[in-house]
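One structure below.
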Amino acid sequence: MTDGSEPAEPPADEQPSIEPETLADRLRSGDDLTVLDIRDRDEFERWRLEGEGVEAVQIPHMKFIQAQATGGVTDLVGDLEEPIVAVCGRGEASAHAVGLLRDAGIEARNLAGGMDAWADLSLARELAVDAPATVVQYDRPSSGCLAYAIYSDGEAAVIDPLRAFADRYVADADDRGAEIQYAVDTHVHADHVSGVRELADRTDAVPILPEGARDRGLAFDATTLGDTGELEVGDATLTAVATPGHTTESLSFRLGDAVFTGDTLFLEGVGRPDLERGDDGASEAARRLYETLNERLEDIPDETTIAPGHYSDAADPRENGTYTARLGSVRGRLAAFSMDEAAFVEYATSDLPPRPSNHERIVAANLGREDVDEETAFELELGPNNCAVAE
């Protein structure tokens, strides 16, 4: 006890814990796990740990304080399956709960660093690409956002960089002896704050956005690229392909036998059409997306590797942990490719998940129309990306 009224919370590092990267491996493997979230209900509802084998339960920390006083910890979690991973904002209050659970003989561990550390996790894995380049996929498990670095002959480009991980991209390029030439966005993102300008500020990288971003109000100096535009990165060439639908300006980029599809095509769905112009413009955007899928991507071979901008719990990673798939398998798996236009428009505009939290402010920030500091950016993008039409 500290002052006779509240129990002292032992330091988080004194309780058995699980590192965010280890937790990501378990979630990716689909392991059964109870996640005990002791944050307030509104925080839990806004953003929580999810996964195929996860049962997420919210019990506020105050109830553990009360249970410690009454000896009712076992009753508090009596219906929960073990093992349990407890989480809170920074891993401190959840460490207290874990201590109580383990004293009661319950198998529990604390998420080291809490949800803040979970949001800060970025995993890098190399892709196998038939091109004169090394390609690294950056995976943010907390949101399913994917970014890519292309390295060739001492030069680099980063596609769809997140501002939160700008330091990581710069450090990794330094480790590989490469200079970042381009920082590229496939479209104006609505779910995360882009790192394009941050990379341009920290390096000599040229910020690249689709040509149509100017029509959406682009308010900072950037080079814009249209359909079939090219970027030379060392001995490799990135070729732009206009793929509108998710947004009017969306581009994909081809590199050898791979195509970086941004939010146009995912492994488990297609980009939702309502984020740019809302419900009123969704049907028109869906028709453009139908044309993209069935005409603009028609000539791309089935054996091409699709490298998307996001993934959800429904996506299955490859054995090496990367989120990629052959275009032919995606075409065969997704219902979107077997529909006529009318059916597709209905499918793409009905029963959509909630729009990404704060998406309008995030779009404004990514166009350079609103300045946000690092802390605000972090808060704005917490939560699932919700940029896809679910299959």
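The values are calculated or read from the model by the stated rules, or taken from the named source; none is laboratory data. Model, not experiment: these values are computed from the prediction. Every residue, glycine among them, receives a Cβ derived from its backbone with ideal geometry; neighbour counts consider all protein chains shown. Quick note on the areas: whole protein, heavy atoms, side chains included, nothing else; ligands and nucleic acids left out. Shrake-Rupley method; radii C 1.70, N 1.55, O 1.52, S 1.80 Å.
The H on the amide N of I18, modeled in the peptide plane, is under 5 Å from the matching H of N110, L111, A112, each at least 5 residues off or on a different chain. A simple packing score, the average count of other Cβ atoms within 10 Å per residue, orders the peptides 278-284, 377-383 as 377-383, 278-284, with the highest score first.
The share of C-alpha pairs in region 177-223 whose separation exceeds 18 Å stands at 26 percent. Sorting the segments 356-365, 147-156 by their mean number of nearby beta carbons within 10 angstrom, highest to lowest, gives 147-156, 356-365. Exposure check, 1.4 Å probe, all protein chains in place: T223 carries approximately 70 Å² of accessible surface. Here is the size of the chain from its Cα atoms: Rg then Dmax, 22.3, 73 Å. The angle between the Cα long axis of helix 166-175 and the longest principal axis of the Cα atoms of the chain comes to about 70 degrees, rounded to the nearest 10.
The HN-Hα couplings worked out from phi for region 376-383 by the Karplus form 6.51 cos²θ - 1.76 cosθ + 1.60 (θ = phi - 60°) are 5, 4, 4, 5, 4, 9, 5, x Hz, whole numbers, x standing for Gly and Pro.
The order of the peptides 302-309, 331-338, 48-55, 115-122 by mean Cβ neighbours within 10 Å, most packed first, is 302-309, 115-122, 48-55, 331-338. In order along region 236-243, phi translates into HN-Hα couplings of 9, 10, 9, 10, 6, 10, 5, 9 Hz, rounded to whole numbers, per the Karplus curve 6.51 cos²θ - 1.76 cosθ + 1.60 with θ = phi - 60° and x for Gly and Pro. Charge dipole (Cα centre; +1 on Lys/Arg Cβ, -1 on Asp/Glu Cβ; no other charges) of region 1-143 amounts to roughly 160 debye. If a/c stays under 1.5 just call it rounded; otherwise compare a/b with b/c (prolate if a/b is bigger, oblate if not). Do that for region 197-333, with a ≥ b ≥ c from the square roots of the Cα gyration tensor eigenvalues. Here region 197-333 falls in the oblate category.
Quick check on region 257-391: take the gyration tensor over C-alpha atoms, sort the square-rooted eigenvalues as a ≥ b ≥ c, and tell me if it's rounded (a/c under 1.5), prolate or oblate. In terms of gyration-tensor shape, oblate. Only Cα pairs under 8 Å and 6+ residues apart enter the sum, and on that basis the relative contact order of the chain stands at 13 percent.
Oblate is the label for region 171-261, because the ratio a/c of its alpha-carbon gyration tensor axes (a ≥ b ≥ c) is 1.5 or higher and a/b is not greater than b/c. Computed in the context of the full set of protein chains, the accessible area of the chain at 1.4 Å probe radius has 39% of its extent on carbon or sulfur.
For region 78-183, trypsin sites (Lys or Arg not before Pro) meeting the loop criterion (DSSP other than H, G, I, E, B) and having at most 16 other Cβ atoms within 10 Å: R90, R176. For the pair region 231-302 and region 60-81, the centres of their Cα atoms are 50 angstrom apart. Farthest toward the positive end of the dipole of region 285-360, out of N294, S338, A315, is the Cα of A315, where the dipole comes from beta carbon charges about the Cα centre. Taken one residue at a time, the phi angles of region 119-127 give Karplus couplings (6.51, -1.76, 1.60, θ = phi - 60°) of 5, 7, 7, 9, 10, 10, 9, 7, 9 Hz. Gly and Pro are set to x. A Cβ-based charge dipole, computed about the Cα centre of region 72-173 with Lys and Arg at +1 and Asp and Glu at -1, lands at about 200 debye. Note on the chain: helix-only mean residue ellipticity at 222 nm, from DSSP H runs of 4+ residues weighted -39500 (n - 2.57) and normalised by residue number, equals -7500 deg cm²/dmol.
The charge dipole of the chain, taken about its Cα centre with unit charges on the Cβ of Lys, Arg, Asp and Glu (plus for the first two, minus for the last two), comes to roughly 300 debye.
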